[in-house]
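One structure is given here, and the rest of the page talks about it.
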Amino acid sequence: MNKYIAEFIGTFFLVLTIGCSVIGNGAGPFAPLAIGSALMVMIFAGGYISGGHFNPAVTLGVWLRGKCKAKDVAPYMVFQTIGAVLAAFAVLFLKAGTAVKPLQPATLPALVAEFLFTFALVYVVLNVATAKGTSGNSFYGLAIGFTVLVGAFSVGNISGGAFNPAVATGISVMGLSSWANIWIYLLAEFAGAAVAAGAFKVLNPAEREDVRRLHARDQPREQREVA
């Protein structure tokens, strides 16, 4: 349960920062810096407990890569989404009376933008937080946070720069995005995560073999003997 609570807390503060930074021009042009920094510090704070996903697309990518147990996938996504929704309500309370204008993205550019930078985010996560070659590094939180910062600066005005289905849910609750557009985020982000996991496996065949051995060790003895 501790890792699920860690995912809730990290996602909550990420979405809280997004709402407070964007609504009412809270952080102005520095909003992406605040958002990337919030993700970074939450990863450093909770990464050792849960892996610091705070993002259902990241959870999908890590699971496809073989570093997240199947039984944890749904609970991670549920707790991440609950954290995002509660953070959205907290923002609406803190920013009560502030006008919120929803983004009206062009569908195809938004799909491409969300796909590309979710791919980048998950690809970075897999390489800095799950790969043997970077095991034990101290920069993983900074690398992941800066990936979101880069994406937000680059395409935030095109798609909203969510790169995260929980964030997409949160900004929909806050009114920063129309519920009619949430399919854009879900489709592009989960697809980007899946492709990133595939790219990681292709580029790191030795890691794939290590995961296969790990799964084999986790099987009951009888199943191993049959295999």
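The values are calculated or read from the model by the stated rules, or taken from the named source; none is laboratory data. These figures come from a predicted structure and were not determined experimentally. So basically every Cβ, Gly included, is an ideal-geometry build from the backbone, and we count neighbours across all protein chains shown. Heads up: the accessible areas ignore ligands, DNA and RNA and are worked out on the full protein's heavy atoms, side chains in. Shrake-Rupley method; radii C 1.70, N 1.55, O 1.52, S 1.80 Å.
Answer with yes or no whether V85 is over 20 Å from L203 (Cβ atoms), modelled with pLDDT of 95 or more and touching a Cys at 6+ places or on another chain (Cβ under 9 Å).
Working: over 20 Å from L203 (Cβ atoms): yes; modelled with pLDDT of 95 or more: yes; touching a Cys at 6+ places or on another chain (Cβ under 9 Å): no.
Considered against the rule, which asks whether it is over 20 Å from L203 (Cβ atoms), modelled with pLDDT of 95 or more and touching a Cys at 6+ places or on another chain (Cβ under 9 Å), V85 comes out as no.
Go through region 27-49 and report how many residues are free of Cβ contacts under 8 Å to residues at least 60 places away in the same chain and farther than 18 Å from A84 by Cα.
Qualifying residue count, region 27-49: 6.
Return the residues of region 9-46 that are more than 19 Å from F93 (Cα to Cα) and open to solvent by 30 Å² or more (accessible area, probe 1.4 Å); say none if nothing qualifies.
Scanning region 9-46 gives P29, F30, L33, A34, S37, M40, V41, M42, F44, A45.
Out of region 83-103, which residues are closer than 22 Å to L187 by Cβ and either touching a strand residue (DSSP E or B) at 6+ places or on another chain (Cβ under 8 Å) or surrounded by fewer than 20 Cβ atoms within 10 Å (Cβ to Cβ) (or both)?
V85, P102, L103 - these are the residues of region 83-103 that are closer than 22 Å to L187 by Cβ and either touching a strand residue (DSSP E or B) at 6+ places or on another chain (Cβ under 8 Å) or surrounded by fewer than 20 Cβ atoms within 10 Å (Cβ to Cβ) (or both).
Would you call K69 in contact with an Asp or Glu (Cβ under 8 Å, 6 or more places away or on another chain) and either more than 14 Å from E189 (Cα to Cα) or not acidic (D, E) (or both)? Give the derivation first.
Details: in contact with an Asp or Glu (Cβ under 8 Å, 6 or more places away or on another chain): no; either more than 14 Å from E189 (Cα to Cα) or not acidic (D, E) (or both): yes.
So K69 does not fit the description; no.
Which count do you get for residues in region 104-136 that are more than 18 Å from R65 (Cβ to Cβ) and either β-branched (V, I, T) or open to solvent by less than 50 Å² (accessible area, probe 1.4 Å) (or both)?
8
Every residue in region 129-174 that is touching a residue at least 40 places away in the same chain (Cβ under 8 Å), over 26 Å from I82 (Cα atoms) and aromatic (F, W, Y), please.
If the condition is that a residue be touching a residue at least 40 places away in the same chain (Cβ under 8 Å), over 26 Å from I82 (Cα atoms) and aromatic (F, W, Y), then F153 is the only one that fits.
Looking at (1) closer than 19 Å to V167 by Cβ; (2) more than 14 Å from the chain's Cα centre (by Cα), can you tell me which one M77 breaks?
Every listed condition holds for M77 apart from (2).
Name the helices (runs of 4 or more DSSP H) wholly within region 163-227 that hold at least 2 residues that are crowded, with 22+ Cβ neighbours inside 10 Å and either at pLDDT below 85 or out of contact with any Cys (no Cβ under 6 Å at 6 or more places or on another chain) (or both)?
Result: 165-174, 182-203.
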